[in-house]
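*Asks:* Okay, handing you the structure first.
Coordinate-derived values only; no laboratory data. Please read these numbers as outputs of a predicted model, since none were measured by experiment. Using ideal geometry, Cβ is built from the backbone for each residue, glycine included, and neighbour counts are taken over all protein chains shown.
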Amino acid sequence: MEAWVFRLWDEGRQIQKWRQGGMQAVFGEFILVRSEDSLLRKTVLTARLVDPKFPTVDRLPVLVDAAVTDFRNDILHVSGLETPTGKTFAQSWQVAFISK
């Protein structure tokens, strides 16, 4: 499903509400699937935002061990762990789905 995603955390720290207004949203195809995680040694939910034209290209770092924390009015909040630079950080996304 196509969506705009706002990242709500930066390197494991929550972004203050007053800074969120100036954040850039990232457009892509939102995917939430079960997958095997070798590090956690269990099946987890994985959230991805991929380029709609190139589904193998991630637009944002993958969220591992994702959990849906809120879903209403076509806005989804999902939290998980990302490892963009080899370090693991907490991350939350606000996902705004596009109605066709």
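*Asks:* Calculate the dipole size of region 2-97 relative to its Cα centre from +1 charges on Lys and Arg beta carbons and -1 charges on Asp and Glu beta carbons; express the result in debye to the nearest 20.
*Replies:* That gives a dipole near 200 debye.
*Asks:* Once the Cβ-Cβ distance between Gln14 and Leu40 is put in as r, and R0 is 30 Å, what FRET efficiency do you end up with, to the nearest 0.05?
*Replies:* 0.85
*Asks:* While we're looking at this one, here's another question. Length gain on complete extension for the stretch Asp70 to Phe27, per 0.36 nm per residue less the alpha carbon to alpha carbon distance?
*Replies:* 13.5 nm
*Asks:* Once amide H atoms are built 1.01 Å from N in the peptide plane, which residues 5 or more positions from Glu2, or in another chain, come under 5 Å H to H?
*Replies:* Here Phe30, Ile98 satisfy the definition.
*Asks:* Once phi is turned into ³J(HN,Hα) by the Karplus curve 6.51 cos²θ - 1.76 cosθ + 1.60 with θ = phi - 60°, what whole-Hz value does each residue of region 24-29 show in order, with x for glycine and proline?
*Replies:* Ordered by residue, 3J(HN,Hα) equals 8, 7, 10, 9, x, 8 Hz.
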